[in-house]
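A.B. asks: Take this structure, written in structure tokens, and hold onto it; I'll ask about it next.
The values are calculated or read from the model by the stated rules, or taken from the named source; none is laboratory data. Computed from a predicted structure; not experimentally measured. Counting neighbours? That spans all protein chains shown, and the Cβs are built from the backbone with ideal geometry, glycine included. Accessible surface is based on the protein model in full, side chains and every heavy atom, while ligands, DNA and RNA are left aside. Shrake-Rupley method; radii C 1.70, N 1.55, O 1.52, S 1.80 Å.
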Amino acid sequence: MPSDAKLTIDGKTYSLPIVEGTEGERALDITSLRSETGLTALDPAYGNTASCTSGITVIGGDRGILRYRGIPLEEFADKPNFVEVAWLLIFGKLPNSSEYQQFSQRLTNHANLDEDMKHHFMGFPRSAPPMAILSAMISTLSCFHPQLLELHTSDEIEAAAARLISKIRTLAAYTYRHSHGLPYIYPDPSLPYTSNFLHMMFSEPYKRYESSEEVRRALNLVLILHADHEQNCSTSTVRMVGSSRANLFASCAAGVSALWGPLHGGANVKVIEMLEAIHQGNQSADEFINLSKDKSSGIRLMGFGHRIYKNFDPRAMMLRKVCDEMLDTLGIHDPLLDIAKRLEDIALNDEYFVSRKLYPNVDFYSGIILRAIGIPTNMFTVLFAIGRLPGWIAHWHEQNSDPNMRISRPRQIYTGNPKSPYIDVRDRT
Ligand code: CMC
């Protein structure tokens, strides 16, 4: 394999090194392109740009592979433990039992919010979008933990990570309680991660919510399957913001905003809206598929397609399985699941989707699981954020540990007006 590529511009030939990753993926290193040639690279939406090297997650888009720190996602299916996976992503290896105990204890110790934060919740209208509240409240955490705005040691990173990963659950549950005018339920230190979240969501002061094993397993798996996905839009946002040396809270708050969009995390809401519209008889599954193939309709088959996966998304396959199992065990029949399967069947046999390599993605089945747990649709993307947080922290940490880190600052090709004079307002047409 050649270790460099030749680029000829105006008769002069330049050599560009080729770098190779662990899984054999190759890239042209254009770090010195501009200084040597005076040219930049134009790559709208970064479809061909590796923005960094990273050792956290690998996706084999053509092979349907996803591994966290080298461990295939499927390995987590039997005994899913989100806390363990969070530590793995951030620190690069599975925690041994004392590391796990310490991290768990830190999560327990820091689940509560400062009591004054309740006033912030009260300032939001009941109808406020949960992702807006979440982003604002993660930023607000930085005001309550000024000692964690600069992180130098591994212990400080763990302290900040534990607070964020623990408190995001409390923030999410309080967001839900606030929007429904319900009293806030404090975290219970005796409960593990997902049970505690469900307790804060669904218990009442006069009646305790007890989650079933099946629900806890499904929720752990949903969070794990969302935990990292290399340089996706929100993670790249976290890295971009963090590259200015903005603190971890500010960087993760920006990640929440990026995740909110319907082409990213917000797709899980759009999937359910689409399935509900079909269920209510507005359209048949076939009609919807036809609309989604017609570009002028502006409609896409939500939960389908991916920038990287051009085979299948392993997360979608695992979610479909756990969705079937959970609904079966709980004795729930959700007509939306039937519609989702019907859409999948049609699309996977339709030339439009086959030729474009469009397969179900992580958002296609996750909403049906969350619905069965009792999570309202407008909270789905918040659940995605809880899951993705360890990935954001891992990337922020990886980037900040790089002694050669520079601020991210892309170039552009200017296509605006040529130099123009200022015209006084009285002379403007
Ligand atoms: N329904 C219908 N057509 C589609 C779809 C879809 N869901 N997705 C892509 N296409 C078509 C698109 O119109 C284009 O066709 P053509 O080549 O004729 O112009 C072709 O497939 C390639 O699409 P693209 O928009 O260039 O692909 P992209 O890599 O820029 O976008 C995507 C990826 C995920 C934004 C897109 O597939 C999409 O909008 N999917 C629906 C939204 C969704 O489910 N998003 C969640 C993504 S996974 C979770 C996450 O990362 O947040």
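A.B. asks: Got a number for residues in the stretch 18-60 being part of a strand (DSSP E or B) and open to solvent by 80 Å² or more (accessible area, probe 1.4 Å)?
C.D. replies: Matching residues across the stretch 18-60 total 3.
A.B. asks: How many of the residues in the stretch 285-307 are free of Cβ contacts under 8 Å to residues at least 24 places away in the same chain and touching a helix residue (DSSP H, G or I) at 6+ places or on another chain (Cβ under 7 Å)?
C.D. replies: Residues that pass the stated criteria total 4.
A.B. asks: Do we find that residue 234 is in a helix (DSSP H, G or I), within 15 Å of the ligand (Cβ to nearest atom) and open to solvent by less than 10 Å² (accessible area, probe 1.4 Å) in this structure?
C.D. replies: So residue 234 passes the test.
A.B. asks: Sort out which residues of the stretch 288-335 are away from the ligand (no atom under 16 Å from the Cβ) and part of a helix (DSSP H, G or I), and write them in order of number. Full working, then the answer.
C.D. replies: First, pick out the residues of the stretch 288-335 that are away from the ligand (no atom under 16 Å from the Cβ): 321-335.
Once the filter is applied, which keeps residues that are away from the ligand (no atom under 16 Å from the Cβ) and part of a helix (DSSP H, G or I), the stretch 288-335 yields 321, 322, 323, 324, 325, 326, 327, 328, 329, 330, 335.
A.B. asks: Now, a different point. Give, as residue ranges, the helices (runs of 4 or more DSSP H) completely inside the stretch 341-412 that count at least 1 residues that are away from the ligand (no atom under 12 Å from the Cβ) and open to solvent by less than 20 Å² (accessible area, probe 1.4 Å).
C.D. replies: On the way: elements: 351-355, 363-373, 380-400.
Result: 363-373, 380-400.
A.B. asks: Please enumerate the residues belonging to the stretch 261-273 that are near the ligand (Cβ under 10 Å from one of its atoms) and either β-branched (Val, Ile, Thr) or part of a helix (DSSP H, G or I) (or both).
C.D. replies: 267, 268, 270, 271
A.B. asks: Do any helices (runs of 4 or more DSSP H) lying entirely in the stretch 72-168 carry at least 1 residues that are free of Cβ contacts under 8 Å to residues at least 40 places away in the same chain, within 26 Å of residue 225 (Cα to Cα) and of a type in the set (S, T, N, Q), and which ones are they? Walk me through it before giving the result.
C.D. replies: On the way: elements: 82-91, 97-109, 117-122, 130-144.
Once the helices (runs of 4 or more DSSP H) in the stretch 72-168 are filtered for at least 1 residues that are free of Cβ contacts under 8 Å to residues at least 40 places away in the same chain, within 26 Å of residue 225 (Cα to Cα) and of a type in the set (S, T, N, Q), what remains is 97-109.
A.B. asks: Looking at the stretch 223-244 only, could you name the residues that are over 20 Å from residue 169 (Cα atoms) and touching a residue at least 24 places away in the same chain (Cβ under 8 Å)?
C.D. replies: 229, 230, 231, 232, 233, 236, 239, 240, 242, 243, 244 - these are the residues of the stretch 223-244 that are over 20 Å from residue 169 (Cα atoms) and touching a residue at least 24 places away in the same chain (Cβ under 8 Å).
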